[in-house]
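Since the structure comes first, as structure tokens, the remarks are kept for the end.
The values are calculated or read from the model by the stated rules, or taken from the named source; none is laboratory data. Keep in mind that this is a model prediction, so the values were computed, not measured. Every residue, glycine as well, gets a Cβ built from its backbone with ideal geometry; the counts of neighbours run over all protein chains shown.
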Amino acid sequence: MRISVLQQREPFGAILEATLAEFCRQVWNQPATVQWREHGSARARPANGGQLWLCNPYLNAIFVPEANRAIFDPIRREFARSVVAWRRLAQRAYVHMSLSRAGAPFAAQASLCIAPGLPNAEQLLIIPGNHKIRVLDYASQSVYGIVKQGFSADFMQREIEARRTAETLGLPVPALQQVGETGLWFKERYLSGTPINRLASDGERKAAEHTAMAALQRLLAATTREEGIEDYVARQAETARALIAASHLLSNAQRDSLLRVIGRIHGLVAAHQQALGGKIQTALTHGDFQPGNILQNQDGTWLIDWEYSARRQSGYDALVLHLGARAPHGLAQRIYALLAGTEPDQTNILTTWPGLDWHNRQARQIYLAIFLLEELVLHVQENANSLFRRPGQGLLTLEHELWPALQAASA
């Protein structure tokens, strides 16, 4: 999630200040004062002899003006080639200008002052995210992930546990090098790769996607277990209801609508569960299996960002990828097309994915209904934060898609 979006959702500057100050104290044993300034940074000057850092909220990058240009490789890989063809030339030019020594101060929209300054700052790149902040250290070829101050450590704990399991199974994940005693930060191997939706070669993209799917299927094979459908759905529904009731971000009308969806899903599954013999296969899932989290570089294909990992139905990751669920707009129409057989190439993932009986229409309806419930749980968990000023756009969009999506799934 980009800084420009985070600023709308939360008091980003205050969170960044507190997180980086605590990180300096815990990890580098260096007390530091961090000051965020929201203004153009071309003429910014560090206060009290501190160290100036430039922030580009669109490239999601914070760095010192003297930065080693090599640290920007992950940014170039992610942003230099737009997924929209007509934007590519302009976006490539903007990225080049924004990361140049001359252009960076003018493209920056905010700045940080850190006092005392960090050693080897020209080798560091700070990348804020949804639940954590990453500090990339090019010199040591390591990356630190730090839970944002005021945020639950639950997502980081999920990520650490899932990645340890994935590493044990030989999945292509960056190696964890250290985990803080508090569980609020970790250190991992440095990785710079191109998200597969930014690859120019369609063949290379498909090959990387296939490699990533094969890796996740090894994870499924090692963690799958059979559960009663009603018990599983009841647990998911209970979690969703509790989070919805506790949310300060939802209106009463939104709560009522979401609770009705949960009731409808519960009823649909109860009515048709015998299509699967009353059982469903669950497994440890990645949780955010989408092209932006599949990276390709000279060393191969990599799976990153495991913070949404959890035990879910075995087909969850395949459904996230195939339905483009991380961009919920149009989800109902994609589900309708999937069940109606009108979408192209629908036989590639779901018909062969472990744990899915995709040739059984009633079974498909159950999988999709449960998937919508699992998606709702993920989005309300993501928004269960007292610091948030507004719900994330993903939850708002999903809310509008849920009823038509459920109707499409049960038609």
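Descriptive notes on the structure:
- With respect to (1) surrounded by 15 or more Cβ atoms within 10 Å (Cβ to Cβ); (2) closer than 20 Å to THR194 by Cα, the lone exception for ALA85 is condition (1).
- Residues of segment 362-402 satisfying the condition of being over 24 Å from the mean Cα position of the chain (by Cα) and in contact (Cβ under 8 Å) with a residue 60 or more places away in the chain: GLN362, ALA363, GLN365, ILE366
- Any hit, segment 161-168, residues being among the β-branched types (Val, Ile, Thr) and surrounded by fewer than 16 Cβ atoms within 10 Å (Cβ to Cβ): yes
- Selection count, segment 80-125, where residues are among the basic types (Lys, Arg) and at pLDDT 90 or above: 1
- Restricting segment 115-158 to residues that are touching a Phe, Trp or Tyr at 6+ places or on another chain (Cβ under 9 Å) and small (Gly, Ala, Ser), the residue that is surrounded by the most Cβ atoms within 10 Å (Cβ to Cβ): GLY145
- Unmet requirement for ALA200, which otherwise passes all of (1) farther than 25 Å from LYS132 by Cα; (2) surrounded by fewer than 15 Cβ atoms within 10 Å (Cβ to Cβ); (3) modelled with pLDDT of 95 or more: (3)
- Per the conditions (1) touching a helix residue (DSSP H, G or I) at 6+ places or on another chain (Cβ under 7 Å); (2) of a type outside the set (Ser, Thr, Tyr); (3) assigned to a helix (DSSP H, G or I); (4) exposed (fewer than 14 other Cβ atoms within 10 Å of the Cβ), the sole criterion not satisfied by GLY183 is (3).
- If you go through segment 213-238 and keep only what is of a type outside the set (Asp, Glu), surrounded by fewer than 16 Cβ atoms within 10 Å (Cβ to Cβ) and in a helix (DSSP H, G or I), you end up with ALA214, ARG218, ALA221, ALA222, ALA234, ARG235.
Table: residues versus (1) assigned by TED's automatic domain parsing to the domain that holds GLY355; (2) at pLDDT 95 or above; (3) over 22 Å from the mean Cα position of the chain (by Cα); (4) not polar (S, T, N, Q).
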| residue | (1), (2), (3), (4) |
| --- | --- |
| GLU226 | yes, yes, yes, yes |
| ILE229 | yes, yes, yes, yes |
| ARG241 | yes, yes, yes, yes |
| PRO291 | yes, yes, no, yes |
| GLN296 | yes, yes, no, no |
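- Members of segment 271-289 found to be under 16 Å from the mean Cα position of the chain (by Cα) and polar (S, T, N, Q), listed by number: THR285
- Check on PHE151, over 25 Å from GLY324 (Cα atoms) and touching a residue at least 60 places away in the same chain (Cβ under 8 Å): yes
- So TRP53, is it touching a residue at least 60 places away in the same chain (Cβ under 8 Å), assigned by TED's automatic domain parsing to the domain that holds ALA14 and aromatic (Phe, Trp, Tyr): yes
- Taken over segment 155-188, the residue count meeting the criterion of being in contact (Cβ under 8 Å) with a residue 40 or more places away in the chain and of a type in the set (Asp, Glu) is 3.
- Taking the criterion of being outside any helix (DSSP H, G or I), out of contact with any Asp or Glu (no Cβ under 8 Å at 6 or more places or on another chain) and closer than 21 Å to HIS329 by Cβ, the residues of segment 359-409 that qualify are ASN383, ARG390, PRO391.
- Breaking point among (1) at pLDDT 95 or above; (2) within 22 Å of LEU295 (Cβ to Cβ); (3) crowded, with 17+ Cβ neighbours inside 10 Å, for ARG69: (3)
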